[in-house]
Amino acid sequence: MGFQTRILLALVAVGLLPALLLSLLSFRANREELLRTVGGAQRQVAEEATRYAGRTIVQSVEGLRLSVGYIPFDELSPEELTRVLRIPFYQLPSLGAVAVLNAGGEAVVPPLVRGDRPREELEAFASRIPFQHAVEKGLAVGPPYRNGSGPSQIPVAVRIGEPDAAPGTPRVVAAEVSLAELNRPLSDLAADGRYAALIGPD
């Protein structure tokens with residue numbers, strides 16, 4: 001190895017390698033900072049979406065509770081009950097189905113259903129009504145579920161009257177609340193190759 005080659009290698013070792021090492025460390029630090037910044041921004045977006053979802057669901061549930069709170073269910077005939085039940089049903093477009101159940105959990109009058117729903121979907125709704133919790137606590141919300149090809153739903157049950165009411169009297173108003181209103185903000189979040197989903201407790 002010639003003298004000039006040895007000098008060149010020494011210059012490379014003294015000058016170029018530290019520069020490469022410094023560049024690598026700088027790149028790594030900048031990358032970590034970028035990930036922290038992007039991660040923080042993503043977390044903030046997710047937290048805002050969570051708050052929006054929570055408010056939307058609470059408003060739907062509270063709207064149902066308030067609207068049925070003024071109806072004297074035990075004083076109405078079945079025909080009158082069906083007519084009166086249409087008031088909250090049409091006031092709250094997020095409701096996909098509404099039913100009034102007696103102490104045995106059976107429908108007092110045929111449920112009101114939005115659109116042409118197959119029997120299996122109504123049975124799926126009926127099987128998820130948190131009936132006993134509503135009787136005990138006054139208000140109960142079940143976990144979200146998919147019912148057919150539409151958006152996810154949550155079953156909600158509101159106690160009407162007292163827990164020790166006579167057998168056969170209306171006991172609970174049950175409703176299937178659609179989460180369709182959450183589709184738009186989730187679709188906006190999922191733009192530009194991102195992914196967004198509302199995750200249930202399971």
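The values are calculated or read from the model by the stated rules, or taken from the named source; none is laboratory data. All values reported here derive from a predicted model rather than from experimental measurement. Neighbour counts run over all protein chains shown; Cβ positions are idealised from the backbone, glycine included. Remember, those area values only see protein heavy atoms, side chains included, never the ligands or the DNA or RNA. Shrake-Rupley method; radii C 1.70, N 1.55, O 1.52, S 1.80 Å.
On the basis of being aromatic (Phe, Trp, Tyr), open to solvent by less than 60 Å² (accessible area, probe 1.4 Å), at pLDDT 90 or above and not in a loop (DSSP other than H, G, I, E, B), does residue 89 make the cut? Let's see the steps before the verdict.
Values: aromatic (Phe, Trp, Tyr): yes; open to solvent by less than 60 Å² (accessible area, probe 1.4 Å): yes; at pLDDT 90 or above: no; not in a loop (DSSP other than H, G, I, E, B): yes.
Considered against the rule, which asks whether it is aromatic (Phe, Trp, Tyr), open to solvent by less than 60 Å² (accessible area, probe 1.4 Å), at pLDDT 90 or above and not in a loop (DSSP other than H, G, I, E, B), residue 89 comes out as no.
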Requested in this report: Kindly indicate whether residue 25 is modelled with pLDDT under 80, part of a helix (DSSP H, G or I) and either open to solvent by 70 Å² or more (accessible area, probe 1.4 Å) or in contact with a Leu (Cβ under 8 Å, 6 or more places away or on another chain) (or both).
Outcome: yes
Query - Among the residues listed as 64, 122, the single one being out of contact with any Phe, Trp or Tyr (no Cβ under 9 Å at 6 or more places or on another chain), within 27 Å of residue 149 (Cα to Cα), assigned to a helix (DSSP H, G or I) and touching a residue at least 40 places away in the same chain (Cβ under 8 Å) - result: 64
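Criterion first (small (Gly, Ala, Ser), closer than 26 Å to residue 198 by Cβ and either open to solvent by 30 Å² or more (accessible area, probe 1.4 Å) or at pLDDT below 90 (or both)) does residue 99 satisfy it?
On the way: small (Gly, Ala, Ser): yes; closer than 26 Å to residue 198 by Cβ: yes; either open to solvent by 30 Å² or more (accessible area, probe 1.4 Å) or at pLDDT below 90 (or both): no.
Against the criterion (small (Gly, Ala, Ser), closer than 26 Å to residue 198 by Cβ and either open to solvent by 30 Å² or more (accessible area, probe 1.4 Å) or at pLDDT below 90 (or both)), residue 99 does not qualify.
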Requested in this report: Filter the stretch 67-80 for residues that are hydrophobic (A, V, I, L, M, F, W, C) and either in contact with a His (Cβ under 6 Å, 6 or more places away or on another chain) or free of Cβ contacts under 8 Å to residues at least 60 places away in the same chain (or both) and give the result.
Outcome: 76
Report summary line: Filter the stretch 39-72 for residues that are open to solvent by 30 Å² or more (accessible area, probe 1.4 Å) and within 20 Å of residue 84 (Cβ to Cβ); the one that is farthest from the chain's Cα centre (by Cα) is 72
Report summary line: Here the residues within the stretch 102-129 that are surrounded by 13 or more Cβ atoms within 10 Å (Cβ to Cβ) and closer than 17 Å to residue 178 by Cβ are 111, 112, 113, 114, 117, 121, 122, 124, 125, 126, 128, 129
Query raised in the report: Which one of these is under 15 Å from residue 159 (Cβ atoms) and outside any helix (DSSP H, G or I): 105, 96?
Result: 105
